[in-house]
Amino acid sequence: MTRNYDAEWEEFGLTDECHHYTYLGEVPWDIQKYWQQRYDIWSLYDEGVYMTDDAWFGVTPEPVANSVATDFDKFINDESKTTIVDIFAGAGGNAIAFALSGRWEKVIAIEKNASTLACAKNNAFIYGVYDKITWVNDDCFDFMSRWRSSESDALDPNTTVVFASPPWGGPQYRGDKVFNLDTMEPYSAKQIHEMVRDMGCALFLPRTSDLRQISSLLEGKEVEGDRKIEVVQYCIEGASKALTAYVPASTRDGN
Ligand code: MGP
């Protein structure tokens, strides 16, 4: 691929916080572990994948992102759903996989940090799906509440599903035997689910997440067809990296 780096820097809005590290010596010590796994995370890393330093901690490895994209269709199993919104898009791993799957008429990627979003755009360009994704630089809670209170029908809950790979409060999540989703920082699983529960969503969470808390997301809610939450552990070389809870759309009892 021939690239025009100056034009792309401008087009994607890349900043000095966006890096493509090429040798270990230039990688900050706390992300060296992730950089050493760069080809597991991005098979096209050498084509010029950009990351902000913080994005390394939460990026979904490409094989996992591809499996989630396949499973999303299987578990949501609803042809009327044509739009998928990745509300914590980060450096783009999942949005790229959703776009590559060809399943969705529209893929929307929301990311609050402008530099991280610029990396995501650049990375989508490398994977050939930059133009297939609608990019939004915003806080997802603000975006959703603005969208719901607007007259615009740009997003229809009946045709939309949400993928959420939120921050887990840093790498120290690994210290907890059972990860508490109610105290997850800065947003609890309940808070995220509540924002999108009428659409159906997939929550990408620590592998040790408390399953009772996941099942409680639908407590007191009505679910069409009595569908259940499906939880899948995603492994690389036999070791779980994370789980995804596929949560069907629900309404509160009586509304
Ligand atoms: P990890 O912390 O690198 O665990 O995250 P690993 O690889 O088991 O570490 P090791 O020291 O045991 O080898 C595993 C995966 O979790 C990453 O690849 C990311 O996909 C995901 N992940 C990690 N964090 C800290 C986050 C986060 O904050 N948010 C999200 N959404 N995903 C994360």
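The values are calculated or read from the model by the stated rules, or taken from the named source; none is laboratory data. Model, not experiment: these values are computed from the prediction. Because the Cβ atoms are built from the backbone with ideal geometry, glycine has one as well, and the counts that use them run over all protein chains shown. Heavy atoms of the whole protein, side chains included, go into the accessibility calculation; ligands, DNA and RNA do not. Shrake-Rupley method; radii C 1.70, N 1.55, O 1.52, S 1.80 Å.
Quick notes on this structure:
- Verdict on L181 being modelled with pLDDT of 95 or more, open to solvent by 70 Å² or more (accessible area, probe 1.4 Å), at negative phi and aliphatic (A, V, I, L, M): no
- Leading residue by the ranking (nearest to the chain's Cα centre (by Cα)) among those in the stretch 138-167 that are assigned to a loop (DSSP other than H, G, I, E, B) and under 21 Å from R103 (Cβ atoms): S165
- Residues (at pLDDT 90 or above and either within 12 Å of the ligand (Cβ to nearest atom) or surrounded by fewer than 16 Cβ atoms within 10 Å (Cβ to Cβ) (or both)) located in the stretch 140-156: F141, D142
- Test: residue in the stretch 41-56 that is open to solvent by 20 Å² or more (accessible area, probe 1.4 Å), part of a helix (DSSP H, G or I), within 13 Å of the ligand (Cβ to nearest atom) and under 20 Å from P171 (Cα atoms): no
- One residue from T15, T22 being open to solvent by 60 Å² or more (accessible area, probe 1.4 Å), outside any helix (DSSP H, G or I), β-branched (V, I, T) and more than 16 Å from the ligand (Cβ to nearest atom): T22
- Within the stretch 222-251, the residues that satisfy the criterion of being loosely packed, with under 11 Cβ neighbours inside 10 Å and more than 12 Å from the ligand (Cβ to nearest atom) are G225, D226.
Quick grid of which residues meet (1) crowded, with 23+ Cβ neighbours inside 10 Å; (2) more than 14 Å from the ligand (Cβ to nearest atom); (3) modelled with pLDDT of 95 or more; (4) in a strand (DSSP E or B):
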{"site": "W35", "(1), (2), (3), (4)": "no, no, yes, no"}
{"site": "Y39", "(1), (2), (3), (4)": "no, no, yes, no"}
{"site": "T60", "(1), (2), (3), (4)": "yes, no, yes, no"}
{"site": "T70", "(1), (2), (3), (4)": "no, yes, yes, no"}
{"site": "V85", "(1), (2), (3), (4)": "yes, yes, yes, yes"}
{"site": "W104", "(1), (2), (3), (4)": "no, yes, yes, no"}
{"site": "T116", "(1), (2), (3), (4)": "yes, no, yes, no"}
{"site": "C119", "(1), (2), (3), (4)": "yes, yes, yes, no"}
{"site": "D131", "(1), (2), (3), (4)": "no, yes, yes, no"}
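- Filter pass, A99 being buried (at least 18 other Cβ atoms within 10 Å of the Cβ) and more than 19 Å from F57 (Cα to Cα): yes
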